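What follows is a single structure, written as structure tokens, with notes after it.
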Amino acid sequence: MRILRIILLLIVWIIFPPIYIYLIAKNNKIQRKLKIVAYCSLILSPFTLCFVAAIVLSAILYQPGSFSVNKIEDAIGIDLPLFYETNQNNINYNGSDYNAKVILVFSETGTKDIVDQIKASNHFNLQHKFHGSNEMEWLKSDTIFYYQIINDLQESNITGYWIKTDSVTYKFYEPDLSDIPNSSILFHEGYNVSASFLIKDRKLEFNYYKY
């Protein structure tokens, strides 16, 4: 009879740990120390291992259908107003690479708020010729300014800055800091960010390329 109980506990331990916990907890013949060992053994239960593996695999394979607005704010260095209309928000996957395109429309008040933030942002409308990885050109130029820009971008956790292209358009621009993406230089990641804010349409167009 004792062997049958042990076999039953083993089967339950393998296929459904909650019942195993219940049976151990209700058994007054098992010492407290042995109960603790029995509870800890659940970590190695095939059910527990499969459950954890399924969660990890789901997290790895999970591909959201839309791009996070919080991530947009982080990428362009702007706090977006709470109220907006989403015209488009989709992600196209190619294996682990993807391209996200988002179009948001704001109110007049929200538009003014965004424009004010853009104008107050670091290096707004900076007009400077960067030389990428061309060391000879940098020797002739101001390398201190180059590294200042890099430090500022790293501290702000962004890959570029805003420029005004005409009276009604602002663009988030990634300067050519090298012949590889700025994200690789600054954060050791692989992605590109581009964005435009159209005042007349009160519209933010955002693109994110991850590879």
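Using only the alpha-carbon atoms, how far is helix 17-26 inclined from the longest principal axis of the chain? Give it as 0 to 90 degrees, nearest 10.
Computed tilt is about 50 degrees.
Mind checking the dipole of the range 123-187: about its Cα centre, +1 per Lys or Arg Cβ, -1 per Asp or Glu Cβ, Debye to the nearest 20?
In total the dipole reaches around 180 debye.
Can you tell me the orientation of helix 46-61 relative to the chain, as the angle in degrees between its alpha-carbon axis and the longest Cα principal axis, to the nearest 10?
Once rounded, the angle reads 10 degrees.
When the chain is modelled as a GNM with alpha-carbon springs shorter than 10 Å, which of Lys29, Lys71, Lys119 fluctuates the most?
Evaluated over the chain, the most mobile residue of the options is Lys29.
What is the extension gain from Leu23 to Phe83, computed as 0.36 nm multiplied by their sequence separation minus the C-alpha to C-alpha distance, in nm to one decimal?
16.3 nm
Which FRET efficiency value, to the nearest 0.05, is calculated for Glu155 and Lys101 with the Förster distance at 35 angstrom and r the Cβ-Cβ distance?
Using R0 = 35 Å, I get an efficiency of 0.80.
Could you check how much of the accessible area of the chain is carbon and sulfur, as a whole percent, using a 1.4 Å probe?
Exposed carbon and sulfur together represent 59 percent of the surface.
Which of these, Phe172, Phe83, Phe67, has the largest mean-square fluctuation under a Gaussian network model of the chain (Cα springs below 10 Å)?
Phe83
Which of Ile144, Ile180, Ile21 moves most in a GNM of the chain, Cα contacts under 10 Å?
Ile21
In the set (1) 55, 42, 35; (2) 87, 46, 32; (3) 88, 50, 27, which value of Cα extents along the principal axes in Å was calculated from the structure you see?
Computed from the coordinates, Cα extents along the principal axes in Å corresponds to (2).
Gain in length, Ala54 to Val37, computed as 0.36 nm per residue apart minus the alpha-carbon separation, to one decimal in nm? Display every interim value, and only then the final one.
On the way: separation 17, 0.36 × 17 = 6.12 nm, distance 2.52 nm.
Contour length minus Cα-Cα distance gives 3.6 nm.
Might you tell me the accessible area per residue for the range 32-180, computed with a 1.4 Å probe and given in Å²?
64 Å²
In 5 Å bins starting at 0, how do the alpha-carbon pair distances of the range 42-116 split up by percent?
3, 12, 16, 17, 12, 10, 9, 8, 6, 4, 2, 1
The values are calculated or read from the model by the stated rules, or taken from the named source; none is laboratory data. Please read these numbers as outputs of a predicted model, since none were measured by experiment. Note that we place each Cβ from the backbone using ideal geometry, even for glycine, and neighbour counts take in every protein chain shown. The accessibility values were calculated without ligands, DNA or RNA, using every heavy atom of the protein model including side chains. Shrake-Rupley method; radii C 1.70, N 1.55, O 1.52, S 1.80 Å.
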